[in-house]
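Down below is the structure, laid out as structure tokens.
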Amino acid sequence: MRTLILGLVLFCTGVSVAFGLRIVVLYPAASPVLRALGVPDGEVVGVTRHDRTYPRAVRVGSHLRPNLELIRALRPDLLVVGSRRAFPEEAARRFKARIFRYDPRTLEEILARIEALGEVLGRRREAEDLVASLRKKLAEVKPLPRPVTVVYEVSATPLKVAGSRSIVNDIIRVAGGRNLVAVPRKHVLISPERILALAPEVYIYQVGPMNRNPLPPKRRPYFRALKSRVLRVRELEFARPGLNAFSATIKLNRFFLTLQK
Amino acid sequence: MGSSLSPGRDLDNRRFFSATGVLGLLWVGVFVLSLSRGAVSVDLFHPDELGRRILLEVRLPRVLLASFSGGALALSGLYFQYVMQNPLADSFTTGASASAALGAVLALLAAGEKALLPASVAGALLGLLAVLRIASLRGRLLPVTMLLAGIVVNTFASAAISLLKFLADESVASVVFWLMGGFQNADYFRAGLLALTGGLALAYGMARAPALDLTAFDEETALSSGVPLYRLRRELLFLGALLTAASVAFSGIIGFVGLIVPHLLRLAGFLRASALVPLTFLFGASFMMTADLLARTLLPQGQELPVGVLTSALGGLFFLYLLARRKRDLYEMD
């Protein structure tokens, strides 16, 4: 029965995109980029479990554990995937489809990947327009007299913070801050006493899939001595290297400005 | 007078007091070192305001929690070994750790951190109940069946945790933390509760030391000497599970401590329960403080390693050594 339903879904999807690309997006942050480039619903035939940008697409598992069988059944022409860790080369070699890696770590890299994606999709002009609008948005960032020192909490249990290889690091930098945790990793398992010693002006903690229902930092026993201003943000807005990263930068810049007034 | 009647016991007592002194000094040394070393340099004697707060609010509760967790896990391992009459039993092999962790992970994903302790205790007790039910025959507990049942419960709980890890998707880091252990979330309440549980279990073991020694013989000898063997086993199982559950709820699964510590003490010649019980607690406490000290100082810039990774690595190496050195004994070869 399930096979029949799946077959029907695939058939319908196949018919609707008979003349377009068949794209499977395995990195959720890339979907809004495709949408902004004007890729229609029918062309994105597969997305990951929690991706809501293309509601008619088939769910093909999570971005860390995609269902390769299901993806193959979708007969994609293009796979938009994340890092080599999330989608290794061995997995990529199983498909005849073109593989596009979308794994930016800075705002500039996001812009570069958008342009590259525009080339691949044959939507160069749309990509240039999108990049131009995002650059315009970034121009709203106002300079600060001096950088605000920041620590960004990825998860409370265990206590993990953003290192210098995280998109958050660049959002903070462009917004006029400085991530005090300069460890060259994406996430850093860190001692609470180190955070106290770093004494950041702003302690940002995200709430989302990686940090469900965390206690506010100052209510945790080990952070009673924390004197920082605490800012709660949405993980999906800050920690995903997509279009959201630009609005997150503007928001953070405004917050920093209010601090230094 | 007594000494002329039982010179062996006098020698044992002297050895016990010497060992207590040495392990006590070791505990104090590691405790002071653990307080003085960490992600941040703090002058223990003249700390500034920040240093004082780090010491009192972060490091001291953490060191205490590590110490009591180590003592509790080592003692639970020893109690499980008495119950199963097998030196390879501990909270890992009896399934207590994994079932407590399953409770903790369920609580973490469904209800948040406040439900951790009750869920871990419930998980450990349910696991224990399953083991007891499988290993009971007409009111008697069968040690070998119990060990096998423990392994089955452990396997089942581990599989359930793996499924939760799969379903947890991006929350997987929190689940993994519970599987690798750590003392980041320490506070005085948690340390105090573990100290209380550990203290009660320690007092119980000391009070029942003669009976524990008799359980080392065969069942008939223990029963004919008036030891309420089956009740004793149930009480020891309950205490072992409680110690494991409290430790897992606060610091995740930390393996091998319950196996290594009693084993090392037996190798050093401490076989009587009156010596083995307190020394196990003391040694377990020092061992865990050392592991935590390494976990939070080996990497630069305040980065940490999961403590369970270190204890498992040490435990694995230790067993490799034992297997290499004692394989003849193990397989009774000439």
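The values are calculated or read from the model by the stated rules, or taken from the named source; none is laboratory data. This is a predicted model, so every value here is computed, not measured. In this analysis, Cβ positions are derived from the backbone assuming ideal geometry, glycine residues included, and neighbour counts consider all displayed protein chains. Each accessible area value is taken on the protein alone, full model and side chains, heavy atoms only, with ligands, DNA and RNA left out. Shrake-Rupley method; radii C 1.70, N 1.55, O 1.52, S 1.80 Å.
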Out of all the residues in region B:64-89, which are more than 22 Å from B:GLY192 (Cβ to Cβ) and either open to solvent by 10 Å² or more (accessible area, probe 1.4 Å) or at pLDDT 85 or above (or both)? B:GLY77, B:LEU78, B:PHE80, B:GLN81, B:TYR82, B:VAL83, B:GLN85, B:ASN86, B:PRO87, B:LEU88
Checking B:LEU55 against (1) within 14 Å of another protein chain (Cβ to nearest Cβ); (2) open to solvent by 50 Å² or more (accessible area, probe 1.4 Å); (3) without any contact (Cβ under 8 Å) to a residue 24 or more places away in the chain; (4) not basic (Lys, Arg), which single condition isn't satisfied? (2)
Hey, among the residues in region A:133-165 that are buried (at least 24 other Cβ atoms within 10 Å of the Cβ) and away from chain B (no Cβ under 14 Å), which one's farthest from B:VAL105 (Cα to Cα)? A:VAL150
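Can you tell me which of B:SER158, B:SER174 is within 9 Å of chain A (Cβ to nearest Cβ) and not charged (D, E, K, R)? Reasoning before the result, please.
Numbers: B:SER158 fails: within 9 Å of chain A (Cβ to nearest Cβ).
Of the residues listed, the single one that is within 9 Å of chain A (Cβ to nearest Cβ) and not charged (D, E, K, R) is B:SER174.
Let's see how each residue does on (1) within 13 Å of another protein chain (Cβ to nearest Cβ); (2) open to solvent by less than 30 Å² (accessible area, probe 1.4 Å); (3) in a loop (DSSP other than H, G, I, E, B):
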{"position": "A:ASP170", "(1), (2), (3)": "no, yes, no"}
{"position": "A:ALA182", "(1), (2), (3)": "yes, no, yes"}
{"position": "A:LEU196", "(1), (2), (3)": "yes, yes, no"}
{"position": "A:PHE246", "(1), (2), (3)": "no, yes, no"}
{"position": "A:PHE255", "(1), (2), (3)": "no, no, no"}
With respect to the numbered conditions (1) free of Cβ contacts under 8 Å to residues at least 12 places away in the same chain; (2) within 30 Å of B:ALA275 (Cα to Cα), which one is the sole condition not fulfilled by B:ALA135? (1)
Of the listed residues (B:GLY302, B:GLY308), the one being in contact with a helix residue (DSSP H, G or I) (Cβ under 6 Å, 6 or more places away or on another chain) and over 21 Å from B:VAL248 (Cβ atoms) is B:GLY302
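Residues checked against (1) modelled with pLDDT of 55 or more; (2) in contact with a His (Cβ under 8 Å, 6 or more places away or on another chain); (3) within 14 Å of chain B (Cβ to nearest Cβ):
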| site | (1), (2), (3) |
| --- | --- |
| A:ARG2 | yes, no, no |
| A:LEU8 | no, no, no |
| A:ALA18 | no, no, no |
| A:ILE23 | yes, no, no |
| A:LEU26 | yes, yes, yes |
| A:ALA30 | yes, no, no |
| A:LEU34 | yes, no, no |
| A:VAL39 | yes, no, no |
| A:VAL47 | yes, no, no |
Any hit, region A:218-233, residues being at pLDDT 95 or above and within 17 Å of the chain's Cα centre (by Cα): yes
Mind checking whether some residue in region A:223-241 is touching a Ser or Thr at 6+ places or on another chain (Cβ under 9 Å), within 19 Å of A:GLY82 (Cα to Cα) and of a type in the set (Gly, Ala, Ser)? yes
For region B:138-159, which positions are touching a helix residue (DSSP H, G or I) at 6+ places or on another chain (Cβ under 7 Å) and of a type in the set (Lys, Arg)? B:ARG140
Helices (runs of 4 or more DSSP H) within region B:218-295 that include 1 or more residues within 14 Å of B:ALA66 (Cα to Cα): B:229-251, B:257-267
Going residue by residue through region B:261-281, is there one that turns out to be within 18 Å of B:MET180 (Cα to Cα) and surrounded by 22 or more Cβ atoms within 10 Å (Cβ to Cβ)? no
Report the residue count in region B:103-132 for those that are open to solvent by less than 30 Å² (accessible area, probe 1.4 Å), touching a residue at least 12 places away in the same chain (Cβ under 8 Å) and closer than 18 Å to B:ALA173 by Cβ. 5
